[in-house]
Structure formats: structure tokens, C-alpha cells
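The structure appears below as C-alpha cells.
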Amino acid sequence: MANTASAEKRKRQALKRRARNVQVRTSVKNAVKKVREALARGDAGAAKAAFPAAEKALSVAGSKGALHHNAVSRRISRLAKAMAHPAAPVTPKS
């Protein structure tokens, strides 16, 4: 429970920030999942079409601060590697 006006304001700000970050991270997970599912199906065309959207979603999450920029780079790199070698086993994480 916040005891001061400034603490109450920080609580409100944190709740807004959390809601925004959850939304951004959810969009990232959905975009990456589309690419990974297409790769798992062996549908390179669909994966290639979904990759730019996933890359964009990750970059936006990094620029908004929802994800750390190094984590964004790592995820994009792993996704691109999976795209380059579709026969390799695809891990569900990223």
C-alpha cells in the first residue's frame, strides 16, 4: 500500500507500463510463434513471409524497452539462423 502521493503515482505509472509491456511482449510471442510453426511444418514460404513481421515486432519491443536490446538481437539472430537452416531442430523458446 502506497503511503505517499508520489508512491501512489509511481504505482499508477507501473501498472500502465506493465500493461503496455505485456501487450508488446504478447505481440512478439505471437509473431515469433508464426515463424516457428511455419518452419516446423516445413512451409518455408510462410516462414519467409512471417519473418519480417516478427523481426519488426522484436525491434519495436526493444525500442519501447519491453525487452532488452541484447535479448532482441539474440532472438532475431536465432530466428534468422532457424530460417537459414530449416532442417535443423527448432527450439520452442525465443
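Below is a table of values for the structure above.
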read-out: Count of residues meeting criterion [of a type in the set (Ser, Thr, Tyr), part of a helix (DSSP H, G or I) and more than 19 Å from Ser73 (Cα to Cα)] in segment 4-57; value: 1
read-out: Lone qualifier among Ser77, Ser63 - being under 25 Å from Lys16 (Cβ atoms), among the polar types (S, T, N, Q) and either in a helix (DSSP H, G or I) or in contact with a strand residue (DSSP E or B) (Cβ under 7 Å, 6 or more places away or on another chain) (or both); value: Ser63
read-out: Filter result for Ala31 (within 17 Å of Ala80 (Cα to Cα) and touching a helix residue (DSSP H, G or I) at 6+ places or on another chain (Cβ under 7 Å)); value: yes
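Table: residues versus (1) surrounded by 12 or more Cβ atoms within 10 Å (Cβ to Cβ); (2) touching a residue at least 24 places away in the same chain (Cβ under 8 Å).
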residue	(1), (2)
Ala2	no, no
Ser6	no, no
Ala19	no, no
Val22	no, no
Val28	yes, yes
Lys33	yes, no
Gly42	no, yes
Ala54	yes, yes
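Readers should treat all values here as calculations from the given coordinates under stated rules, not as data from a laboratory. Computed from a prediction, not measured in an experiment: that's the story for all the values here. Don't worry about glycine lacking a Cβ; one is built from the backbone with ideal geometry, like all the others, and counts go over all protein chains shown.
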